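The values are calculated or read from the model by the stated rules, or taken from the named source; none is laboratory data. Note that the structure is a prediction, hence the values are computed from the model and not measured. Methodologically, a virtual Cβ is constructed for each residue, glycine included, from the backbone with ideal geometry; neighbour enumeration extends over all protein chains shown.
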Amino acid sequence: MKRLETNRLILRRFKFEDINNLYAYAKRDDVGPKAGWRPHKNKTETRKILSGFIEKEEVYAIYHKADKKVIGSIGIHNTIIADLNNVNEIGFVLNPDYQKQGLMTEALIKIIDYCFLELKLDEVFTGHFLENIPSKKIIEKFKFKPIKEINYKSQDYGYKPAIIYKLTKLDYILNMEERK
């Protein structure tokens, strides 16, 4: 897992020392349910999730340089979504205390650049449950194209309606030109 850096953030492997920062946002009622998982009840739950992040090396910690702490996560998962096999899906979570500061935009630019320019992927996918409006807004900001509405199996709440999106390398390059 390659360490990535932006002006305000470091995207790096999770460490066991991140448990307090991860628990601080994972226990909140306004975080997990939007992503399909229940708020963590205690640090034992968080430690189990953190161990999985460390073992699998698919999820980056979003480390805020100025505040010197982990404020979210962003991952690239090779997975199956509905009838789409072996796709690369980007998933992300941000502590609500850090929303509306452009931090997730910064992290996504870096991750998408990494996917297309270094991993040489041709397309990436993402999605959100219908009620997750903040994720919808950022996905649309990056001009991901909706490809289907599905009932997606959430981690803790069973099947919920979700929208799956795709971004091709070509579309991303064209969007980069528009931003200049």
Legend entry - Unmet criterion (only one of (1) at pLDDT 95 or above; (2) closer than 24 Å to LEU4 by Cα) for ILE164: (2)
Inset, instruction - Can you confirm whether region 162-176 contains a residue that is under 23 Å from TYR98 (Cα atoms), of a type in the set (Lys, Arg) and in contact (Cβ under 8 Å) with a residue 24 or more places away in the chain? - result: no
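Suppose we filter LYS2, LYS43 for residues that are farther than 28 Å from LYS136 by Cβ, surrounded by 15 or more Cβ atoms within 10 Å (Cβ to Cβ) and either under 16 Å from the mean Cα position of the chain (by Cα) or not β-branched (Val, Ile, Thr) (or both); which single one remains?
Numbers: LYS2 fails: surrounded by 15 or more Cβ atoms within 10 Å (Cβ to Cβ).
Testing whether each residue is farther than 28 Å from LYS136 by Cβ, surrounded by 15 or more Cβ atoms within 10 Å (Cβ to Cβ) and either under 16 Å from the mean Cα position of the chain (by Cα) or not β-branched (Val, Ile, Thr) (or both) leaves just LYS43.
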Inset, instruction - Please indicate, with yes or no, whether at least one residue in region 93-115 is among the basic types (Lys, Arg) and over 23 Å from ASN175 (Cβ atoms). - result: no
Inset, instruction - Filter region 91-111 down to the residues that are touching a residue at least 12 places away in the same chain (Cβ under 8 Å) and assigned to a loop (DSSP other than H, G, I, E, B), then identify the one that is surrounded by the most Cβ atoms within 10 Å (Cβ to Cβ). - result: ASN95
Legend entry - Condition met for PHE92 (out of contact with any strand residue (DSSP E or B) (no Cβ under 7 Å at 6 or more places or on another chain) and closer than 19 Å to LYS141 by Cα): no
Inset, instruction - Sort through TYR159, TYR63 and tell me the only one that's within 25 Å of ILE19 (Cα to Cα) and of a type in the set (Phe, Trp, Tyr). - result: TYR63
Legend entry - Checking ILE10 against (1) surrounded by fewer than 18 Cβ atoms within 10 Å (Cβ to Cβ); (2) closer than 30 Å to ILE147 by Cα; (3) in contact with a strand residue (DSSP E or B) (Cβ under 6 Å, 6 or more places away or on another chain), the condition it does not meet: (2)
Inset, instruction - Those residues that are charged (D, E, K, R) and within 21 Å of MET1 (Cβ to Cβ), I need them from region 47-100; list them, please. - result: ARG47, LYS48, GLU55, LYS56, GLU57, GLU58, LYS65, LYS68, LYS69, GLU89
Legend entry - Flag if ALA24 is of a type in the set (Gly, Ala, Ser), over 27 Å from LYS166 (Cβ atoms) and surrounded by 12 or more Cβ atoms within 10 Å (Cβ to Cβ): yes
Legend entry - Residues within region 117-160 that are surrounded by 13 or more Cβ atoms within 10 Å (Cβ to Cβ), touching a strand residue (DSSP E or B) at 6+ places or on another chain (Cβ under 6 Å) and modelled with pLDDT under 90, tallied: 2
Inset, instruction - Tell me which residues, restricted to region 125-161, are touching a residue at least 60 places away in the same chain (Cβ under 8 Å) and hydroxyl-bearing (Ser, Thr, Tyr). - result: SER135, TYR152, SER154, TYR157
Inset, instruction - Report whether or not LEU22 is among the hydrophobic types (A, V, I, L, M, F, W, C) and at pLDDT 95 or above. - result: yes
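Given the options ASN78, ASN88, name the one that is without any contact (Cβ under 8 Å) to a residue 24 or more places away in the chain, within 23 Å of ASP156 (Cα to Cα) and either in a loop (DSSP other than H, G, I, E, B) or of a type outside the set (A, V, I, L, M) (or both).
Exactly one of ASN78, ASN88 is without any contact (Cβ under 8 Å) to a residue 24 or more places away in the chain, within 23 Å of ASP156 (Cα to Cα) and either in a loop (DSSP other than H, G, I, E, B) or of a type outside the set (A, V, I, L, M) (or both), namely ASN78.
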